[in-house]
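Just so you know, all these numbers are worked out from the coordinates, no wet-lab data involved. Just so we're clear, the structure is a prediction, and the values are computed from it rather than from any experiment. Please note: Cβ atoms are built from the backbone with ideal geometry, for glycine as well, and neighbour counts cover all protein chains shown.
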Amino acid sequence: MRAALVELVGDGVRAGGFTTEDPLKAVLHILVAVEGLGAYASQRRRTAGRPPHR
């Protein structure tokens, strides 16, 4: 998946859709953000209905 995303980002850079000097670095940032959002959503589901910690 990472290789496909790097290729996609490279294509976007060549097409002028966005800029980056390092497509791999951009992809890694995207994947970290997606993973973080997934963890956040997962945590929110596990704690739904519980009072917040204080």
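Remark: spin-label model distance Arg14-Leu31 equals 2.1 nm, labels positioned 7 Å along the Cα→Cβ axis.
3J(HN,Hα) along region 7-16, derived from phi through the Karplus expression 6.51 cos²θ - 1.76 cosθ + 1.60 where θ = phi - 60°, amounts to 5, 4, 5, x, 4, x, 5, 4, 7, x Hz, with x in place of Gly and Pro. In order along region 19-33, the Karplus-derived 3J(HN,Hα) couplings, from 6.51 cos²θ - 1.76 cosθ + 1.60 at θ = phi - 60°, round to 10, 6, 7, 9, x, 4, 4, 4, 5, 4, 4, 4, 5, 5, 5 Hz, and Gly and Pro are given as x.
Using the beta-carbon distance between Ser42 and Leu5 and R0 = 25 Å, what value does 1/(1 + (r/R0)^6) give for FRET efficiency, to the nearest 0.05?
Between Ser42 and Leu5 the formula returns 0.70.
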